[in-house]
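The values are calculated or read from the model by the stated rules, or taken from the named source; none is laboratory data. Model, not experiment: these values are computed from the prediction. Cβ placement follows ideal geometry from the backbone for every residue including glycine, while neighbour counts extend to all protein chains displayed. Please note that ligands, DNA and RNA were not included when accessible areas were found on the heavy atoms of the full protein model with its side chains. Shrake-Rupley method; radii C 1.70, N 1.55, O 1.52, S 1.80 Å.
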Amino acid sequence: MGATISILAEKPSIARALVRAFSIVYKLKFKSRKGKTRYNYIFESSIDNQNISFRIEKDEYRLRKEDRLIISSVTGHILNYDYLPPFDKDTNWHNSDPLDLIELEPIEVPIRANMLLHVEEIGKESDVVVIATDWDGHGESIGRQILEIATRSNKKIHHGRMHFTSTNPISLMKAFELQTDLNWDWIKQVDSLRKQDLRMGSSITRFLTVGIQNRGIQNRIISYGPCQTSVLWLITNRFLENRSFSPEKFWKVSVKISTSEGPLFLNWKGNPVTDEKIVEDLISELGNAREGTITDYNEEQGIIKRPLPLDTDTLEAECSQFFRISPKQIADIAERLYNNGLITYPRTESSFYLEKDLTKLAQKFTSHDDFGLVAEECIKRGGVQNPSKGRFTKDHEPIKPVKAVNRSEIEKIFKKSPAMINHAWNIYSYVVWRFLATIHSEATVVNQYIILTAASEEFIVKGRRIVNLGYLKFYKFKKIKGKELPRLEKGRKQVIEAFKHQGFTTPPSLWSESQLIREMAKLNLGTDATRASHIDTVQKRMYTINQGPRRILVPTSLGMALYQVLTQNAKDLIIPEIRGKVESWTQQIRDHEKTPEDIDNLVIELTTRGLQRMKANQEEIFSTLVQSIESMTGIGKVLGVCSECQGNLVLHQGKGDSRFLKCSNPLCKTSFPLPKKGDLSIVENENCRICNGTPLLVSSKSYSWVMCPICWTREAINDRPWFCTDCNRTDCPFSGSWEVPSPEQYLGNCPDCGGDVLIKFDQQITQVICNKCNRTWKAPNLRKGTSITLSDPCEKCGHQTLYVIKRGKKPYRLCVFCSLFFFQDK
């Protein structure tokens with residue numbers, strides 16, 4: 001009977017790529033059948049080609065006609081670390097002391113039982129198991145899990161390890177033919193780090209979560225993770241530095257001279273100074289001198305270097321900056337491009353090409369509509385044999401394109417995610433242009449400077465003349481600035497005019513997502529594969545939000561409170577240096593300098609010390625966290641009056657993201673569900689025309705709408721919520737059948753004649769008019785879905801303001817007399 005060789009990949013898409021590779025290279029025909037899981041199919045082929053062989057270390061295997069080849073996959077980690085009951089994640093957290101978790105030894109448990117059965121079934125029928133997981137630390141750890149599970153029922157299995165950084169058929173077959181063993185030192189390092197993350201994260205998360213739940217905040221988890229809270233520290237610390245910054249005055253001095261090409265300004269070498277008297281004295285001396293002397297004119301040949309081969313941090317940081325999307329989205333898109341064989345493995349720290357000649361890769365793009373001319377130019381110039389060189393690492397090659405495709409191919413790959421097509425094409429194009437820039441030529445320039453001496457002080461101006469743009473002709477992701485200077489002879493006298501400039505120091509800028517990726521890399525916080533996900537996590541946890549097109553990160557009230565709690569009570573558990581220290585400890589396992597037990601002891605001591613300090617101040621800690629959650633979510637806010645008992649309707653948090661109103665009277669059972677998203681506030685001076693309840697304004701960043709929580713529940717139509725637009729009342733501005741009323745309301749005295757100023761509504765037209773002098777003021781028209789009511793006096797003139805709600809818009813207050821808008825919900 002023949003042997004069975006089984007290849008197990010880390011994800012289904014890689015399994016499909018392996019099937020495609022064997023079909024193309026060795027002409028094998030595969031049949032598919034369902035495995036024990038929904039997405040992890042088993043592909044099977046008999047061996048018709050007698051020339052298939054592979055080597056594992058020193059042992060060579062040649063496949064025979066009676067042998068079978070099986071290809072399947074897992075989906076990431078099969079096992080995860082947890083504790084035995086009653087300390088596991090699914091047991092009631094209130095029944096265990098978080099301090100006890102720290103010293104417990106975690107065990108590995110299945111994430112999904114059917115995945116365990118899937119690997120065991122393949123292992124039973126296999127003679128050789130080939131591990132084809134990603135070539136990184138977690139890939140090695142997943143490979144170890146596959147091997148251990150497969151050998152539970154078959155102790156005689158041989159195993160090999162494929163190493164590949166591209167999913168094109170040639171690369172995959174080379175990896176299959178020349179296999180190695182798993183890197184057991186790397187596995188020990190990664191598994192130790194996973195244990196420490198559980199040890200630190202579970203104990204502190206449970207302490208914080210149980211504490212706020214005991215104080216009335218149910219169904220919310222305060223998650224702690226060594227990396228995510230270090231990211232929170234960076235964001236919040238920079239935010240506080242920015243807000244507490246006090247600008248200081250400074251002064252600069254410049255002189256203007258006349259040249260044949262127009263006026264030229266030179267800056268004093270002593271700029272800037274904070275003492276204005278020094279500047280005034282210099283200005284006076286320059287005025288007396290009236291002229292200066294050109295003491296130096298110099299030109300130097302220079303180059304603008306080509307960009308380095310692409311690593312993960314650069315990909316995520318620059319694409320986030322250029323295309324205004326999150327690093328996590330970029331990582332996910334790059335992963336799909338890799339799985340479909342368009343680019344190499346997108347998680348790498350290397351910026352050094354291993355190939356000595358990149359001609360073959362460049363030739364793939366010579367016939368491309370967008371990249372063809374540049375690719376041909378790269379080959380002619382010889383840059384394919386002399387690319388730019390950066391840092392060499394042993395893990396993966398730099399990110400580069402593998403296949404030349406047009407936009408239509410990208411559209412096919414992302415047809416189920418049409419919103420991502422533009423981003424995917426932009427990222428693919430960026431990878432190609434970056435690769436071509438690394439094998440093109442440097443830009444050449446002439447750097448210039450002029451020095452003028454006047455009143456014994458030196459003034460300088462720098463310029464640049466571009467000789468050859470090189471790669472900058474096509475690489476739009478880098479711009480150079482430079483103005484060519486006129487040639488001035490040394491010793492030439494110039495009439496000068498002096499100027500004083502005042503400025504203010506600026507605060508440190510808030511982190512954007514792209515800048516934060518670079519800062520995390522600089523601090524060695526996380527890995528190239530995880531940094532984007534950590535930034536995404538602190539936003540999902542509602543610790544931070546991103547603002548504006550630049551995706552600037554700012555902390556929420558909850559994020560600020562958690563920063564304050566950890567910084568004041570357990571600083572060692574939040575500052576980025578500590579996370580770097582834990583990762584460096586586990587790195588010492590790989591270098592045989594420490595054992596996993598040594599790392600356990602170090603982390604146990606660190607975590608215990610921090611948690612004990614927090615326990616000593618737990619009342620203050622939980623009070624701070626509860627207040628921040630209530631402030632951020634509105635939990636505990638009164639949003640109406642109960643129609644049954646006249647008690648207050650109070651906002652409560654339900655399971656997950658659900659919210660509901662509940663009567664504050666403990667004897668009353670009245671409650672109403674609410675929308676999961678949007679800020680909630682009471683609509684001023686309005687009541688529901690059906691139930692007399694209090695309507696609520698639901699507001700997001702750019703959209704708002706009005707609802708009655710009572711009708712939302714009681715008047716539901718066809719198993720869906722009931723909206724105000726479903727109402728047929730003609731006297732409500734939020735009804736679908738509203739008819740504009742025409743009452744007159746008094747706004748105040750006319751500033752011109754003292755008469756009465758009235759607001760009138762006439763067939764959806766709003767008039768604000770004085771009944772004595774007939775002066776008019778502009779006001780919004782009262783159309784369907786618009787509510788205009790009188791509100792608080794204007795802060796400037798004291799007249800009555802209008803509170804305006806337009807369906808789908810942000811509400812505001814308006815003073816028609818001052819034309820002032822106040823964008824704040826009442």
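A few points about this structure:
Every residue, every condition in (1) open to solvent by 70 Å² or more (accessible area, probe 1.4 Å); (2) touching a His at 6+ places or on another chain (Cβ under 7 Å); (3) part of a loop (DSSP other than H, G, I, E, B); (4) β-branched (Val, Ile, Thr), yes or no:
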position	(1), (2), (3), (4)
55	yes, no, no, no
71	no, no, no, yes
76	no, no, yes, no
85	yes, no, yes, no
115	no, no, no, no
135	no, yes, yes, no
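- Residue check, residue 60 assigned to a helix (DSSP H, G or I) and of a type in the set (Asp, Glu): no
- In the stretch 559-581, the residues that are over 14 Å from residue 200 (Cα atoms) form Cβ pairs under 8 Å with partners that are part of a loop (DSSP other than H, G, I, E, B) and open to solvent by less than 50 Å² (accessible area, probe 1.4 Å), at six or more places apart or across chains, as follows: 559/543; 562/222; 562/543; 563/574; 567/574; 576/525; 580/525.
- Taken together, 647, 634, 610 contain a single residue that is within 30 Å of residue 685 (Cα to Cα), in contact (Cβ under 8 Å) with a residue 24 or more places away in the chain and surrounded by 15 or more Cβ atoms within 10 Å (Cβ to Cβ), which is 634.
- Residues of the stretch 393-428 satisfying the condition of being under 18 Å from residue 351 (Cβ atoms), of a type outside the set (A, V, I, L, M) and within 27 Å of the chain's Cα centre (by Cα): 393, 395, 396, 397, 398, 400, 401
- Members of the stretch 117-133 that are open to solvent by less than 30 Å² (accessible area, probe 1.4 Å) and outside any loop (DSSP other than H, G, I, E, B): 118, 119, 122, 123, 128, 129, 130, 131, 132
- So residue 51, is it touching a residue at least 24 places away in the same chain (Cβ under 8 Å) and open to solvent by 40 Å² or more (accessible area, probe 1.4 Å): yes
- In the set (1) over 20 Å from residue 260 (Cα atoms); (2) among the hydrophobic types (A, V, I, L, M, F, W, C); (3) open to solvent by less than 50 Å² (accessible area, probe 1.4 Å), the condition left unmet by residue 450 is number (1).
- Residue in the stretch 675-682 that is part of a loop (DSSP other than H, G, I, E, B) and open to solvent by 50 Å² or more (accessible area, probe 1.4 Å) present: yes
- None of 152, 194, 215 is of a type in the set (Lys, Arg) and either modelled with pLDDT of 95 or more or buried (at least 17 other Cβ atoms within 10 Å of the Cβ) (or both) except 194.
- The residues of the stretch 679-702 that are of a type in the set (Val, Ile, Thr), out of contact with any Pro (no Cβ under 6 Å at 6 or more places or on another chain) and under 12 Å from residue 634 (Cβ atoms) amount to a single one, 682.
- Scan of the stretch 274-310 for residues that are open to solvent by 30 Å² or more (accessible area, probe 1.4 Å) and either of a type in the set (Gly, Ala, Ser) or part of a loop (DSSP other than H, G, I, E, B) (or both), ordered by number: 274, 275, 284, 287, 289, 290, 305, 308
- So residue 481, is it farther than 16 Å from residue 308 by Cβ, free of Cβ contacts under 8 Å to residues at least 24 places away in the same chain and not β-branched (Val, Ile, Thr): yes
- Of everything listed in (1) over 30 Å from residue 375 (Cα atoms); (2) in contact (Cβ under 8 Å) with a residue 40 or more places away in the chain, the single unmet condition for residue 476 is (1).
- Residue count for the stretch 12-28, restricted to those that are assigned to a loop (DSSP other than H, G, I, E, B) and touching a strand residue (DSSP E or B) at 6+ places or on another chain (Cβ under 6 Å): 1
- Residue 688, sole failed condition from (1) touching a helix residue (DSSP H, G or I) at 6+ places or on another chain (Cβ under 8 Å); (2) over 29 Å from residue 212 (Cα atoms); (3) open to solvent by 40 Å² or more (accessible area, probe 1.4 Å): (3)
- Helices (runs of 4 or more DSSP H) wholly inside the stretch 159-273 that include at least 2 residues being β-branched (Val, Ile, Thr): 184-213, 226-243
- Looking only at residues of the stretch 94-108 that are open to solvent by less than 90 Å² (accessible area, probe 1.4 Å) and in a loop (DSSP other than H, G, I, E, B), we find that the one that is nearest to residue 36 (Cα to Cα) is 106.
- Any chance residue 111 is hydrophobic (A, V, I, L, M, F, W, C), touching a strand residue (DSSP E or B) at 6+ places or on another chain (Cβ under 6 Å), open to solvent by 50 Å² or more (accessible area, probe 1.4 Å) and in contact (Cβ under 8 Å) with a residue 12 or more places away in the chain: yes
- Residue 234 vs. criteria modelled with pLDDT of 95 or more, touching a helix residue (DSSP H, G or I) at 6+ places or on another chain (Cβ under 7 Å), within 30 Å of residue 518 (Cα to Cα) and open to solvent by 10 Å² or more (accessible area, probe 1.4 Å): yes
- Odd one out for residue 484, checked against (1) touching a strand residue (DSSP E or B) at 6+ places or on another chain (Cβ under 9 Å); (2) modelled with pLDDT of 95 or more: (2)
- The residues of the stretch 567-602 that are under 21 Å from residue 235 (Cβ atoms) and outside any helix (DSSP H, G or I), listed by number, are 570, 574, 575.
- The stretch 455-471: number of residues that are touching a strand residue (DSSP E or B) at 6+ places or on another chain (Cβ under 6 Å), modelled with pLDDT under 95 and aliphatic (A, V, I, L, M): 3
- Restricting 215, 290, 238 to residues that are among the basic types (Lys, Arg) and at positive phi narrows the list to 290.
- Unique match (being under 17 Å from the mean Cα position of the chain (by Cα), open to solvent by 20 Å² or more (accessible area, probe 1.4 Å) and more than 30 Å from residue 618 (Cα to Cα)) among 590, 531, 541, 518: 518
- Checking residue 148 against (1) closer than 17 Å to residue 9 by Cα; (2) more than 32 Å from the chain's Cα centre (by Cα); (3) in contact (Cβ under 8 Å) with a residue 12 or more places away in the chain, the condition it does not meet: (3)
- Qualifying residue in the stretch 311-324 (condition: open to solvent by 30 Å² or more (accessible area, probe 1.4 Å) and farther than 29 Å from residue 443 by Cβ): no
- Test result for residue 477, open to solvent by 10 Å² or more (accessible area, probe 1.4 Å) and among the aromatic types (Phe, Trp, Tyr): yes
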